[in-house]
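The values are calculated or read from the model by the stated rules, or taken from the named source; none is laboratory data. Fair warning: this is a prediction, and the values are worked out from it, not measured in the lab. Reconstructed Cβ throughout: ideal geometry from the backbone, glycine too, with neighbour counts over all protein chains shown.
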Amino acid sequence: MSDEWISIAAPATTSNIGAGFDIFGLALKEPYDIIEGRRIESGIIISEISGPGSEGIPTDPEKNSVSIAAAEVLRRCEADFGIEIKIKKGIRPCSGIGSSGASAAGGAYLAHILCGEKLSPTEVVLCAAHAENVTSGGFHADNVAPCVLGGFTMIRSYEPFEVITITPPEELGVVVAMPDVLVATKESRAVLPQEVSVRDLVFHVGNASCLVYAMMTGDLGLIGRSVKDAIFEPARAKLVPYLKEAEAVAMSHGALVSFLGGSGPCIISFYDKSSHNGEAIADSIKALYAENDMGCETWITECGTGCKRI
């Protein structure tokens with residue numbers, strides 16, 4: 001049995017993206033987690049966790065999304081070995097850019113490689129989504145799907161599960177702003193309404209449809225106009241201080257659109273790389289939070305390719 005360590009980079013993702021609650025996801029180039037692992041005789045051991053927020057991440061393999069996802073891959077592949085795992089977090093937990101999703105996807109992808117890549121990409125996504133279900137209390141794949149597959153992903157159906165991937169426009173730039181506040185996924189889902197009006201449903205279907213079309217055709221202006229949310233962001237806005245002010249200042253400095261990333265608190269801004277470099281958007285949001293005595297970390301990035309071996 002080979003005891004060679006292999007390393008997987010599992011990127012941050014943004015989900016929902018306007019009207020696509022639990023449906024749309026987008027892989028980012030950075031930040032990312034690094035999941036390392038090697039074969040052992042049996043069981044799953046987490047021997048090391050480092051990086052931002054690591055002190056609050058469980059080492060119990062039955063409670064950690066990396067190991068839960070890896071165990072599901074081993075089960076599906078009927079593997080006769082275990083895995084020792086080391087986790088280097090680059091994505092802070094409770095960030096809104098898929099920290100638990102990156103862990104789950106990275107663990108599933110790691111085990112997939114160690115098993116000789118026997119599973120289909122969709123099966124790897126399902127193994128990662130299983131871990132998300134255990135740790136966050138809901139079966140949703142809008143973060144793990146783009147983290148595994150890369151690009152812009154759309155989940156057509158959960159039963160039966162079907163996910164579609166398209167390549168976003170090359171000129172689509174992304175600014176990630178993470179204010180110094182924690183928003184747990186369970187908390188953010190608890191504030192959501194259980195029913196919506198027909199008017200809001202029509203609004204969401206129209207904008208979701210146009211966003212998919214815009215991603216496929218590279219129409220950046222239409223992307224900006226189609227990232228609209230009448231239901232979920234308004235319900236979560238109270239969880240993120242100065243959210244609307246941050247979105248407004250991003251728009252005033254060249255963003256095509258600015259919106260709440262996933263469950264928050266991250267604020268995502270899209271911009272056109274052919275005319276902007278993203279720095280003014282990032283600096284303006286950081287300045288807003290500094291003026292209100294809050295820290296805010298930013299990344300100027302772009303769409304990514306999903307999990308990969310490094």
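Data for the structure
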read-out	value
Hits in segment 14-35 (condition: buried (at least 19 other Cβ atoms within 10 Å of the Cβ) and out of contact with any Asp or Glu (no Cβ under 8 Å at 6 or more places or on another chain))	THR14, ILE17, LEU26, ALA27, PRO31, TYR32, ASP33, ILE35
Output for segment 205-257, where each listed residue is within 17 Å of PRO169 (Cα to Cα) and in contact with a helix residue (DSSP H, G or I) (Cβ under 6 Å, 6 or more places away or on another chain)	CYS210, LEU211, ALA214, LEU222, ILE223, SER226, ALA255, LEU256, VAL257
Residues being in contact (Cβ under 8 Å) with a residue 60 or more places away in the chain, surrounded by fewer than 24 Cβ atoms within 10 Å (Cβ to Cβ) and among the aliphatic types (A, V, I, L, M) - total across segment 240-256	1
Given (1) over 20 Å from the mean Cα position of the chain (by Cα); (2) closer than 29 Å to CYS296 by Cβ, number of the condition ALA19 does not satisfy	(1)
Test result for SER274, of a type in the set (S, T, N, Q), touching a residue at least 60 places away in the same chain (Cβ under 8 Å), surrounded by fewer than 22 Cβ atoms within 10 Å (Cβ to Cβ) and closer than 16 Å to PRO169 by Cα	yes
Meets criteria (closer than 22 Å to GLY278 by Cα and aliphatic (A, V, I, L, M)) for ALA235	no
Long-range neighbours under 9 Å by Cβ, at least six apart or interchain, first residue farther than 13 Å from LEU260 by Cβ within segment 215-239, second of a type in the set (Val, Ile, Thr) and in a helix (DSSP H, G or I)	MET215/ILE223; SER226/VAL212
Selected residue (criterion: farthest from LEU222 (Cα to Cα)) from residues of segment 1-32 that are modelled with pLDDT of 95 or more and in contact with a Ser or Thr (Cβ under 6 Å, 6 or more places away or on another chain)	LYS29
Neighbours by Cβ (under 7 Å, 6+ apart or cross-chain): first from segment 114-133, free of Cβ contacts under 8 Å to residues at least 40 places away in the same chain; second among the small types (Gly, Ala, Ser)	VAL125/ALA141; VAL125/ALA145; ALA129/ALA141
Selected residue (criterion: surrounded by the most Cβ atoms within 10 Å (Cβ to Cβ)) from residues of segment 294-309 that are hydroxyl-bearing (Ser, Thr, Tyr) and within 30 Å of GLU117 (Cα to Cα)	THR301
Criterion (in a loop (DSSP other than H, G, I, E, B) and surrounded by 14 or more Cβ atoms within 10 Å (Cβ to Cβ)) met by exactly one of LEU182, LEU222, LEU192, LEU211	LEU182
Selected residue (criterion: nearest to HIS130 (Cα to Cα)) from residues of segment 40-84 that are of a type in the set (S, T, N, Q) and surrounded by 15 or more Cβ atoms within 10 Å (Cβ to Cβ)	SER65
Every residue from segment 5-40 that is of a type in the set (D, E, K, R) and in contact with a Gly (Cβ under 6 Å, 6 or more places away or on another chain)	LYS29, ASP33
Those residues of segment 277-293 which are within 23 Å of LYS238 (Cβ to Cβ) and crowded, with 18+ Cβ neighbours inside 10 Å, in sequence order	SER284, ILE285, LYS286, LEU288, TYR289
Residues of segment 251-270 satisfying the condition of being more than 19 Å from VAL181 (Cα to Cα) and of a type in the set (A, V, I, L, M)	MET251, ALA255, LEU256, VAL257
Selected residue [more than 20 Å from HIS112 (Cα to Cα) and among the acidic types (Asp, Glu)] from GLU41, GLU48, GLU36	GLU48
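The rows are residues; the columns are (1) at pLDDT below 95; (2) of a type in the set (Phe, Trp, Tyr); (3) over 19 Å from the mean Cα position of the chain (by Cα).
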position: PHE232; (1), (2), (3): yes, yes, no
position: TYR242; (1), (2), (3): no, yes, yes
position: GLY261; (1), (2), (3): yes, no, no
position: SER275; (1), (2), (3): yes, no, yes
position: ALA287; (1), (2), (3): no, no, yes
position: GLU291; (1), (2), (3): no, no, yes
position: THR301; (1), (2), (3): no, no, no
position: THR305; (1), (2), (3): yes, no, no
position: ILE310; (1), (2), (3): yes, no, yes
